[in-house]
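Working notes, structure below.
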Amino acid sequence: MKILKKQLLTLGAESAIYIVEYWGMTLALKWRPSKPYVHNEIDNVLRTSRTSRECKMLTFVRTLGVPTPAVHSVDISNHSILMDFIEGQQFKQLVNTSSKKKITSLCHEFGKLLGIMHMRDIVHGDPTTSNAVVDMQSKMWLIDFGLAEKNATIEMKGVDMHLLRRAYETTHWALQETMLESTMEGYVEISGDDAEAVLSRADEIRERGRYH
Amino acid sequence: MSLLCLGLEGTAHSFGAGVVSSKGEVLSNIWHMLSPVEGGIHPREASRHHSDMGPGIIKRSLEDAGVSHSDIQLVAFSRGPGLGPCLRTTATMARTLAQKLAVPLVGVNHCVAHIEIGCLESGFEDPVTIYVSGGNTQVIAFAGGRFRTFGETLDMALGNMLDVFGRTVGMRFPAGPSIEHAAAEGVDYHQLPYSVKGMDLSYSGMLTAAKKLHLEGVPVADICFSIQETAFGMLAEVAERAVAHTKKNEILLTGGVARNNRLTEILKGVAERHGARFHRVSPPLAGDQGAMIAWTGILQHQAGDELPLSSSHVMPKWRTDEQDILWR
Ligand SMILES: Nc1ncnc2c1ncn2[C@@H]1O[C@H](COP(=O)(O)OP(=O)(O)O)[C@@H](O)[C@H]1O
Ligand SMILES: [Mg+2]
C-alpha cells in the first residue's frame, strides 16, 4: 500500500483515525491500537473481531441503501481498515450549529437508516450522534460498525433504540424531545408495525439496571 | 462561620452517619454494613439493621466529631435511589432529628453524593465518574445542569455479579475482596462473554458462563482472574467511550468496587491514553457512608434547597439525571 501522506484526524474511543492520500484519493484509515492495560488475549480478540465485523457490516448495510464509507482494503493482522473519507461534520457537532428544521430532518433520516437496518435484522450497536457524519450536501453517512450485529432480536433492536435515546438525553438535552420525535417518525416510516415491539422493549430496557 | 451538617446514608446494606462542615472538613464518618452469614441482602432485614443500629451510629458519629446535637445546623439524608424499606427507615430518623433540633432537612441523591464527595477529595471539577458498587454500575458526567448517566449496566451491577459468583463458590458477602485475592493466584485466562453495547454493558451472561466453568472444575483462582479481566475490561471500554465522547479530562472512580486494585490499574491506563487525570476515591469515602450525604446536603442547602417535612417522601427509583444541580 502506497500511502503518501498520513495525518491523525482524531483519537476515538477504541481507534485512531488518519486521513491518508492514496493514489490521488483522500481516504480514512481506522486503526485499532493495542490497549496495554487490558488483558492481552481479550484485547487481541476484540481488535480482530471488531475490525473484521466493521469491514463486513460497512459493506453489507451499503447494499441495503444505508450510506457508509466504501471499504478499500482491510488489514486484519494490523487491525486497520482503509475506507472512503467522508468530508463533512459529525452529526453531534452539527446539532450545535444548525437550524431546528435541519436538525429535525437529519434526525428523521437517522431514524430511517436505523429502521432500514433493523428491518433486515441488523443493529448498529453504538448509534450515537458521534457515529453519523453529514457531508457537504447534507447527506447522512453511518460509520463505526465495530459493534454491529446480524440476526438481531427484538431485544437487540430495543437496546439500539435505547442507546439512541440516551445519546440524545446526555448530549443534546435541550433538543432531546424534538430530536427523538423526528427520529421515531423516520424509524416508524420504515419499520411500520414492527416498530411498536422494538420501542416498547426500549422503554423496558431503560427501566432495567436501575436499583432493584 | 462554618456550618455543620449531619448526613444519614441508608439506601441498601449499610447505615452510616457523618458530620461534615461547610468548609469541606469531614469531622466524622461512622458506618456499619450488614453482612449476612449466607445469602444476599433482604430489604426488610437491611431496614431492621438500620433501625437497630442507626441511633447508636448517629450518637457515635457526633461524639467522634466532638460536637453535640445542638451544633448541628442541617440534617441531610439519602432520599434515593435504593431499597424502599431501607430508605424509609433512614428518612424517618432524619425527619425526627431535623424536627427535634429545629433545623432544615435536605434530601440527597445517593449517586450524586458519591460524585460530590469524590470531587471534594480529589479537587476534580468536572470528571467522568465511574461508579461501581453492589447496586450500581454507572458512567456519569455533568452536562446541561444535570449529572447524566452516559452508560450503565443493562442487567446486574458489577458488585452484585461478583457477590453472586462468590456465593456460588462459598465466599462470604461481600465477595469482591475475596475474588480479588483469589484472582491474584490465577494463571490461566478462560474466555467469558464480553458484552458491551455502546456505553452500556451487561454482566449476566458472563456470570452464567463463570458458574459453568466452576461446575466443570476449573480452579476458582483462574475463574476469578478471568472474571476480573473481562468485567473490568468491559468497564474500561465504556469509560473510554464516555471520555472520548464528552472530551472531559478527569476520571473519578468511586463506589465499593473502587477498592479493587486491578480495576484501578486498568482505569489508570484509560486515563493515560486520553491524557486525563485519574483519582480513585479512598476507601472510607468510596463506599456507602454518611459523609457524602452530609457534604452534598451542604452544597444543596447553600444553593437554596430545603425539603419540607410534609413532602419528604423517599424516592426509590430516583434517577441521577432527574435533579437540577443548582450548585454547579
Ligand atoms: N470514514 C470516515 N470519514 C470521515 N470521518 C470519519 C470516518 N471514520 C471516522 N471518522 C471520524 O472519526 C471519529 C471516530 O471514528 P469511529 O469509527 O467512530 O471510531 P471509534 O470506534 O473509535 O469511535 C468519528 O466520530 C468521525 O468523526
Ligand atoms: Mg465512534
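The values are calculated or read from the model by the stated rules, or taken from the named source; none is laboratory data. These numbers were taken from a predicted model, which means no experiment stands behind them. Virtual Cβ from ideal backbone geometry, glycine too; neighbours counted across all protein chains shown. Note: areas computed on protein heavy atoms with side chains; ligands, DNA, RNA excluded. Shrake-Rupley method; radii C 1.70, N 1.55, O 1.52, S 1.80 Å.
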How far, in degrees from 0 to 90, does helix A:176-191 lean away from the longest principal axis of the Cα atoms of chain A, to the nearest 10? 90 degrees
Treating the angle as unsigned and between 0 and 90°, give the value, to the nearest 10°, between the Cα long axis of helix B:110-122 and the longest Cα principal axis of chain B. 90 degrees
Stokes-Einstein D for the range A:5-84 at 37 °C, 0.692 mPa s, Kirkwood Rh over Cα pairs, in µm²/s? 247 µm²/s
Computed on alpha carbon atoms, what radius of gyration and Dmax characterise the protein assembly as shown, expressed in Å? 24.4, 80
How many nm separate the modelled label positions at A:Met136 and A:Lys150, each set 7 Å beyond the Cα in the direction of the Cβ? 3.6 nm
Under a plain spin-label model, where a point goes 7 Å from the Cα along Cα-to-Cβ, how far apart in nm are A:Thr48 and A:Thr178? 4.8 nm
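What whole-number value in Å² describes the accessible area per residue of the range B:125-285 for a 1.4 Å probe?
On the way: 5420 Å² over 161 residues.
Solvent-accessible surface per residue comes out at 34 Å².
Just to be sure I follow: if Rg is taken over the C-alpha atoms of the range A:88-208 and Rh is the Kirkwood radius over the same atoms, what is Rg/Rh?
Numbers: Rg = 13.2 Å, Rh = 14.1 Å.
Taking Rh as the inverse mean 1/r over Cα pairs, Rg/Rh reads 0.94.
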Relative contact order (percent, whole number), chain A, Cα cutoff 8 Å, 6+ residue spacing: 18 percent
What list of ³J(HN,Hα) values in whole Hz, one per residue of the range A:130-143 in order, does the Karplus curve 6.51 cos²θ - 1.76 cosθ + 1.60 (θ = phi - 60°) give from phi, with Gly and Pro shown as x? 6, 9, 10, 10, 10, 8, 4, 8, 6, 8, 9, 10, 9, 9
Averaging sequence separations of C-alpha pairs under 8 Å and six or more residues apart, then dividing by the length of the range B:126-214, give the relative contact order as a whole percent. 25 percent
Quick one: 3J(HN,Hα) in Hz for the range B:184-189, Karplus 6.51/-1.76/1.60 with θ = phi - 60°, rounded, Gly and Pro as x. 5, 8, x, 10, 8, 8
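Can you tell me how much longer the chain between B:Lys23 and B:Ser204 gets when fully stretched, taken as 0.36 nm per residue apart minus their C-alpha distance, in nm with one decimal? Display every interim value, and only then the final one.
On the way: separation 181, 0.36 × 181 = 65.16 nm, distance 4.27 nm.
Gain in length upon complete extension: 60.9 nm.
To the nearest 20 debye, what is the magnitude of the charge dipole of the protein assembly as shown about its Cα centre, counting +1 on the Cβ of each Lys and Arg and -1 on the Cβ of each Asp and Glu? Could the numbers behind the result be given before it?
Working: 54 positive and 60 negative charges, 90 e Å.
Roughly 440 debye, rounded to the nearest 20.
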To the nearest 500 deg cm²/dmol, what mean residue ellipticity at 222 nm is calculated for the protein assembly as shown from DSSP H runs of n ≥ 4 alone, each contributing -39,500 (n - 2.57), summed and divided by the residues? -14500 deg cm²/dmol
Partner shielding of B:235-243, as the mean number of partner chain Cβ atoms within 10 Å, equals 3
How many square angstrom of accessible surface are buried between B and A, both sides summed, with a 1.4 Å probe and rounding to 100? 3500 Å²
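For the protein assembly as shown, what % of the accessible area comes from carbon and sulfur atoms, probe 1.4 Å? Can you show the working numbers first?
On the way: 11170 of 21520 Å².
About 52 percent, which is the carbon plus sulfur part of the accessible surface.
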Evaluate the distance, in nm, between pseudo-label points positioned 7 Å from the Cα of B:Arg328 and of A:Ala16 along their respective Cα→Cβ axes. 3.2 nm
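Can you give the average number of partner chain beta-carbon atoms within 10 Å of each beta-carbon in peptide A:164-170, as a whole number? Walk me through the numbers before you get to the answer.
Values: counts 1, 0, 9, 4, 0, 7, 15.
Shielding by partners across A:164-170 averages 5.
Per residue, how much accessible area does the range A:5-84 have with a 1.4 Å probe, in Å²? Could you put the intermediate results ahead of the total?
Numbers: 3680 Å² over 80 residues.
Accessible area per residue, the range A:5-84: 46 Å².
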When every protein chain stays in place and a 1.4 Å probe is rolled, B:Glu240, A:Glu109 sorted by accessible area with the largest first are A:Glu109, B:Glu240
